[in-house]
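The values are calculated or read from the model by the stated rules, or taken from the named source; none is laboratory data. Because the structure is a prediction, the values reported are computed rather than measured. For neighbour counting, all protein chains shown are included, and Cβ atoms are generated from backbone atoms with ideal geometry for every residue, glycine included.
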Amino acid sequence: MYKIAVTNRRLTDDLIRQIEILHHSDHKYIILREKDLAPKEYTALAKKAIEISDKIILHSFIDTAYELNYKKIHLPFSAFMNNLDKIKDFEIKGVSTHSIDEALTCQKYGADYITYSHIFETDCKKGLEPKGLKMLEEICKAVDIAVYALGGINEKNMQSCIEAGAFGVCMMSESMKLKQK
C-alpha cells in the first residue's frame, strides 16, 4: 500500500520539520497543499520543501513549478483541464476527482494518478455526505491509473480502501501528526 501525505501547516507546529519526518517515513509522496498562501510565500516554502525531500509534489501553483523547474504537480480537476498544455511534459501529474466522469477524463488526458474524495467523514468537508467505499470501488474499476482514496483516512480504515481497489491512500491529519521513529 502506498501513502501520500497532504500538508496543512495549521495542523503542525513546524511544517518544515514535519516534511523532514515524512521524508524519512513510508510515505511515497508529500503533496505540498498550502494553496491559501500567496504565490511568493508558496514558492519560498516549496524551495525549502524540495531541498528536504524528493517526495514533494507541488499543489496548484503551476507557475512555481516552472520557476523552480520542478515537474511534479497535483491539481484540482478544473485546473488540470485548463492547463493541459502547460503541464504536458511534467513527470508527475496528479488530479483531485469527485466522480467517475472526472476520473475517466483525467485518465484520457494523461494524469498519472488521481485522488478520489471524500471517502469517510472528515472535518475538511463537514456536513457533506462521504462518497463511501462502494463508490471508491466503482472508480477504481473504471480507470487504469492509480487511485488514491482521500478524506477521513486513518490507520484504522485505510486497509478497507485498499480492499475496495485503491492503489493507496492520502492522509492529512494523520500525516501532520506523525512522529519521528
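Here are the numbers for this structure:
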{"item": "Matching entry among GLY132, GLY110, GLY94, GLY151 (being in contact with a Cys (Cβ under 8 Å, 6 or more places away or on another chain) and among the small types (Gly, Ala, Ser))", "result": "GLY151"}
{"item": "Entirely in the range 1-72, the helices (runs of 4 or more DSSP H) that have 2 or more residues that are of a type in the set (Asp, Glu), over 21 Å from PHE167 (Cα atoms) and modelled with pLDDT of 95 or more", "result": "39-52, 62-67"}
{"item": "Residue in the range 147-159 that is buried (at least 17 other Cβ atoms within 10 Å of the Cβ), touching a helix residue (DSSP H, G or I) at 6+ places or on another chain (Cβ under 9 Å), more than 19 Å from PHE80 (Cα to Cα) and among the β-branched types (Val, Ile, Thr) present", "result": "yes"}
{"item": "Members of the range 62-85 that are out of contact with any Phe, Trp or Tyr (no Cβ under 8 Å at 6 or more places or on another chain) and of a type in the set (Phe, Trp, Tyr)", "result": "TYR66, TYR70, PHE77"}
{"item": "Selection status of ALA103, modelled with pLDDT of 95 or more, under 17 Å from the mean Cα position of the chain (by Cα) and surrounded by 20 or more Cβ atoms within 10 Å (Cβ to Cβ)", "result": "yes"}
{"item": "Helices (runs of 4 or more DSSP H) contained entirely in the range 80-181, each with at least 2 residues that are closer than 19 Å to LYS28 by Cβ, in contact (Cβ under 8 Å) with a residue 12 or more places away in the chain and in contact with a Gly (Cβ under 9 Å, 6 or more places away or on another chain)", "result": "132-142, 158-163"}
{"item": "Which listed residue is under 30 Å from ASP13 (Cα atoms) and surrounded by fewer than 20 Cβ atoms within 10 Å (Cβ to Cβ), from GLU163, GLU174, GLU138", "result": "GLU174"}
